[in-house]
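Take a look at the structure below.
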Amino acid sequence: MNSKFIVIEGLEGAGKTNATAQVVNILRQQGIHDVVFTREPGGTPLAEALRQLIKEGVDDEPVTDRAELLMLYAARVQLVEGIIKPALARGAWVIGDRHDLSSQAYQGGGRGIDVRLLQTLRAAFLGNFRPDLTLYLDIPQDMGLVRARARGKLDRIEIESLAFFDRTRARYQALAAEDERIVTIDATQPLSVVNSAIRTCLTQWLRIQEFSP
Ligand code: Z5A
């Protein structure tokens, strides 16, 4: 089977860390061992520096929505060109914790940035590069919050209103509904049920990939 780019998406606390581990287990069981992990924003020294800026800002200077979007894209382009494409080219599989769908959902849905601007950026900087499969872990923000916020200090995006996260989730759901490469997993279920849903979906998808040209 050719190398593939699989992305895990969802709101904070949806369980992306657990899902990544589950995907890797399943790939290993299928004999796929050369796996590269990425996270966005981040994943290269420059992109990690941008991650820090995106999450924390600088002093009290307000970050505009468009500046945030451009920093996310700068980090993404650096990661795609420097790590993801070379890994895929040498035959590795890449598992991404977030990718462009996060910008469509958070910046498009949550921040309300015009979809045409997002499409223009995507076309200009990513062209037709996109994940082969995205597992979208669907969870309401209040439930994700309970799981994730025990960790302490909140960053610039985490302090957004529930309405922001509701808009983000609604955009995720709408985009997932119209794209067959995005599979929605109900992440409100207990971990064992989520893991079994991931296993069913990924195993079927792998079988299809095995027999496609
Ligand atoms: N962002 C953006 O706005 N635009 C973009 O284009 C990109 C990103 C790429 C990245 O922050 C932030 O950047 C993010 C979106 C924005 N901001 N927000 N909000 P991050 O990487 O630091 O945070 P995150 O991606 O939201 O990660 P997270 O909070 O760590 O979420 P998670 O990885 O999905 O959660 P987890 O660590 O797997 O699970 C949290 C806890 O829940 C953990 O203790 C688990 O054991 C538990 N858990 C998980 N699943 C279950 C189930 N099913 N039942 C019970 N307990 C569970």
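Where a number appears in this text, it was derived from the coordinates with a stated rule and is not lab data. Since the structure is predicted, the reported quantities are computational estimates derived from the model, not experimental observations. We place every Cβ from the backbone using ideal geometry, glycine too, and count neighbours over all the protein chains shown.
Observations on the structure shown:
- Principal-axis tilt of helix 115-126 within the chain, Cα atoms, nearest 10 degrees: 60 degrees
- Label positions at Arg181 and Val63, each projected 7 Å from the Cα along the C-beta direction, are separated by 2.7 nm.
- Taking the number of Cβ atoms within 10 Å of each Cβ as an exposure proxy, the fewest-first ranking of Phe165, Phe211, Phe37 is Phe211, Phe37, Phe165.
- Integer Hz, Karplus 6.51/-1.76/1.60 couplings in order for segment 161-175, x for Gly and Pro: 6, 4, 4, 4, 6, 5, 5, 4, 5, 4, 5, 3, 5, 5, 5
- Acute angle (nearest 10 degrees) that the helix 191-211 long axis makes with the longest principal axis of the chain, alpha-carbon atoms: 60 degrees
- Taking amide hydrogens as placed 1.01 Å from N in the peptide plane, the amide H of Thr184 sits under 5 Å from those of Tyr136, each at least 5 positions away in sequence or on another chain.
- Helical content alone sets the calculated 222 nm signal of the chain at -15500 deg cm²/dmol, taking -39,500 (n - 2.57) per DSSP H segment of four or more residues and averaging over every residue.
- Placing a label point 7 Å from the Cα of Gln204 along the Cα-to-Cβ line, no residue of segment 81-114 has its backbone N under 18 Å from it.
- Rg/Rh (Cα only; Kirkwood hydrodynamic radius) as it applies to segment 134-191: 1.00
- Lysines whose Cα lies under 27 Å from that of Lys55, excluding same-chain neighbours fewer than 8 positions away: Lys16, Lys85, Lys153
- Cross-link partners of Lys4 among aspartates and glutamates (Cα-Cα below 15 Å; sequence separation of 8 or more within a chain): Asp34, Asp97, Asp132, Glu210
- Given the chain, longest segment not containing exposed loop trypsin sites (Lys or Arg not before Pro) (DSSP; at most 14 other Cβ within 10 Å): 1-89
- Value of Rg to Rh for the chain (Rh from inverse mean 1/r over Cα pairs, i.e. Kirkwood): 0.95
- Karplus 3J(HN,Hα) series, Hz, for segment 14-22 with 6.51 cos²θ - 1.76 cosθ + 1.60 (x for Gly, Pro): 5, x, 5, 5, 4, 5, 4, 4, 5
- Across segment 135-141, rounded Karplus estimates of 3J(HN,Hα) from the backbone phi angles (6.51 cos²θ - 1.76 cosθ + 1.60, θ = phi - 60°) give 9, 9, 8, 8, 8, x, 4 Hz, Gly and Pro being marked x.
- Unit charges at the beta carbon, dipole of segment 56-213: most positive-side option, Ile182, Gly108, Cys201: Cys201
- Residue range of the chain that is longest and free of GluC sites (Glu not before Pro) which are both DSSP loop and sparsely packed (at most 12 other C-beta within 10 Å): 1-177
- Point-charge dipole on Cβ atoms (K/R +1, D/E -1) for the chain, about Cα centre, debye to 20: 500 debye
- Modelled label positions at Ser192 and Phe211, each set 7 Å beyond Cα in the direction of Cβ, lie 3.2 nm from each other.
- Between Asp114 and Val77, the simple spin-label model (points 7 angstrom out along Cα→Cβ) gives 2.0 nm.
- Rounded Å value of the spacing that divides the Cα centres of segment 68-84 and segment 141-213: 22 Å
- Cα shape, segment 32-102, gyration tensor, a/c 1.5 rule: prolate
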